[in-house]
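Undergrad: Encoded as structure tokens, here's the structure I'll be asking about.
The values are calculated or read from the model by the stated rules, or taken from the named source; none is laboratory data. Note that the structure is a prediction, hence the values are computed from the model and not measured. Every residue, glycine as well, gets a Cβ built from its backbone with ideal geometry; the counts of neighbours run over all protein chains shown. Just so you know, the surface numbers come from the protein's heavy atoms only, side chains and all, with ligands and any DNA or RNA stripped out. Shrake-Rupley method; radii C 1.70, N 1.55, O 1.52, S 1.80 Å.
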Amino acid sequence: MFDYLVIGAGFAGSVIAERLASVLDKKVLVVDKRNHIGGNAYDHHNDDGILVHRYGPHIFHANSKEVFTYLSRFTDWYPYQHRVRAWVDGRTVPIPINLDTVNALYGTNYTALQLGEFYKSLAEPRESIRTSEDVIVSQVGRELYEKFFRNYTRKQWGLDPSELDAAVTSRVPVRTNRDDRYFTDTYQAMPKHGYTRMFERMLSHPNIKILLNTDYREIEGSILYDEVICTAPIDEYFDCQFGKLPYRSLDFQHQTLDTPQVQEVAVINYPNDQPYTRVTEFKHLTGQVHPKTSIVYEYPTAEGDPYYPIPRAENQALYKKYQELADQTPGVHFVGRLGTYKYYNMDQVVAQSLTLFSKIAGVRRSECVTA
Ligand code: FAD
Ligand code: UDP
């Protein structure tokens, strides 16, 4: 007999399970259909002993002190600032587009001030910024948009940027300075011994039982519990009764090479000619020293595990139907990227789970971590 059934052992499920067990002394069963905890943030040592992320590069970044402090209970950190370069016009240049990107591509010697003027001369004014095309074209014009964003986005999402919400390409800023960090958040670091170790510590509580390799539908009816927390896709939970929510998937091709390093930075983006979107070399992220190196290629696909909700108005409208149904269904709470159909980063999912916990526990949001 459990107080809660938590479906999914990723960030959303693990945080809520930990809080319910530790603070409210609830008995929690966590079920995941995969053979491991950690959800998409799962990492492991491969056959050569290199720490890799099975589901693509996961870089922790957050502005919330609360989220960082909470996770710091379960891990120490390896300081890491993420840098990405894009393969454009036969060379790699910094992305987000910055002063060095433009000077390298155009053979110019602009200052930051001049670059601002240059962007202005290229920018196409838009009355409102609705789509992912508007975001970029209104800042830097069509040529840079085509070099860096249009084809990458078509590959990644199977849609033109004009068909996607502004939020998608808004994730990547445009800069006039030389800052080549991908993120500017206050907290940027990697779990010192990996994500999986962090999840193990989070879930290691006498009130928490974990059942892997199990779809929650297999145990429905055979295990007793009071309430459900669902981090699996919300449409699947309701048997897709209003139709399937669209998700984008990826095919990850991992490789180990007999050389200590192959890339100048952790991630190289390939916006244009390759079928993959980016290549990640893990040792940059983890700081691991090893005579070999491991990389992963990401090939976007329509079929496969649901990794990305697709941000566009019609999908949001369909999600709203499921959300309304969820609101009318007692005893089940939805949280996480798939549970709430939101293109959330890890820190946002942690914050969302903490908020859910504060509602369930009836404590103020500010107390849900200190409790
Ligand atoms: P998930 O991690 O997807 O966990 C859901 C779990 O539910 C899964 O383990 C799944 O197996 C399980 N499940 C589903 N259906 C069932 C079922 N029927 N029965 C039982 N279990 C089920 N975020 C960042 O902050 N930084 C990054 O650098 C970053 N990089 C990313 C790169 C890629 C390629 C992807 C896809 C995502 C990235 N993210 C990144 C986002 C991050 O992965 C998510 O924010 C986070 O993992 C979401 O956690 P979650 O618990 O909501 O979902
Ligand atoms: N993007 C792009 N070119 C790039 C990097 C990003 O067109 O070089 C667009 C693309 O649509 C991508 C989105 O911006 O899906 C968000 O990029 P981010 O790196 O945040 O994607 P994620 O890490 O979530 O896959």
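Undergrad: Using the C-alpha atoms of the chain, what convex hull volume per residue, in cubic angstrom, is computed?
TA: Numbers: hull volume 55.9 nm³, N = 371.
Spread over its residues, the Cα hull of the chain gives 151 Å³ apiece.
Undergrad: Hey, another quick one. How charged is the neighbourhood of Asp180? Take every other residue with its Cβ under 10 Å from the Cβ of Asp180, and add Lys/Arg as +1 and Asp/Glu as -1.
TA: Here the charged neighbours net out to +3.
Undergrad: Could you run the Debye sum over the Cα atoms of the stretch 269-371, one equal point scatterer each and no solvent, and tell me log10 of I(q)/I(0) at q = 0.11, 0.13, 0.17, 0.18 Å⁻¹, two decimals?
TA: -0.59, -0.76, -1.00, -1.04
Undergrad: Among all the aspartates and glutamates, which ones have a C-alpha under 19 Å from Lys155's C-alpha, if same-chain residues fewer than 8 places away are not counted?
TA: Reachable aspartates and glutamates: Asp89, Glu133, Asp134, Glu143, Glu146, Glu163, Asp165, Asp251, Asp273, Glu298, Glu303, Asp305.
Undergrad: What Kirkwood hydrodynamic radius do you get for the stretch 1-55 when you take the inverse of the mean 1/r over all pairs of distinct Cα atoms, in Å?
TA: For the stretch 1-55, the Kirkwood estimate is 12.3 Å.
Undergrad: Can you report the principal axis dimensions of the stretch 1-156 using only the alpha carbons, biggest first, rounded to whole angstrom?
TA: Extents along the principal axes, in whole Å: 66, 45, 30.
Undergrad: Please enumerate, by chain and number, the lysines with C-alpha under 28 Å from the C-alpha of Lys292, excluding those fewer than 8 residues away in the same chain.
TA: Once the sequence-local lysines are set aside, what remains near Lys292 is Lys192, Lys283.
Undergrad: What does the stretch 108-230 give for Rg and for Dmax, in Å, if only its C-alpha atoms count?
TA: 23.0, 69
Undergrad: Per residue, how large is the accessible surface of the stretch 265-329? Use a 1.4 angstrom probe and give square angstrom.
TA: With the other protein chains kept in place, the stretch 265-329 gives 43 Å² per residue.
Undergrad: Leaving out ligands, DNA and RNA, and with a 1.4 Å probe, what % of the accessible surface on the stretch 245-291 is carbon or sulfur?
TA: Within the stretch 245-291, the accessible surface is 46 percent carbon and sulfur.
Undergrad: Here's a follow-up. At most 15 other C-beta atoms within 10 Å and a DSSP loop state: those are the exposed trypsin sites (Lys or Arg not before Pro) I care about. Give me the longest piece of the chain that has none.
TA: Result, exposed sites excluded: 1-72.
Undergrad: On a 21 Å Cα-Cα criterion, which of the cross-link pairs Lys33/Lys65; Lys321/Lys342; Lys27/Lys321 come out too long?
TA: Lys33/Lys65; Lys27/Lys321
Undergrad: Tell me, what ³J(HN,Hα) does each residue in the stretch 304-311 have, in order and in whole Hz, if you take phi through Karplus 6.51 cos²θ - 1.76 cosθ + 1.60 with θ = phi - 60° and put x for Gly and Pro?
TA: Working through the residues one at a time gives x, 4, x, 8, 10, x, 9, x Hz.
Undergrad: Further question: List the lysines whose alpha-carbon lies under 20 Å from that of Lys120, not counting same-chain residues fewer than 8 positions away?
TA: Lys147
Undergrad: With just the Cα atoms of the stretch 240-280, tell me how far they stretch along each of the three principal axes, in Å, largest first.
TA: So the extents along the principal axes, rounded to whole Å, are 51, 22, 16.
Undergrad: Please report, in whole Å³, the volume per residue of the convex hull around the C-alpha atoms of the stretch 161-297. Write down the numbers at each step before the final one.
TA: Numbers: hull volume 32.1 nm³, N = 137.
Spread over its residues, the Cα hull of the stretch 161-297 gives 234 Å³ apiece.
Undergrad: Could you tell me the distance between the Cα centroids of the stretch 42-80 and the stretch 260-293, to the nearest Å?
TA: Distance between centres, Cα-based: 17 Å.
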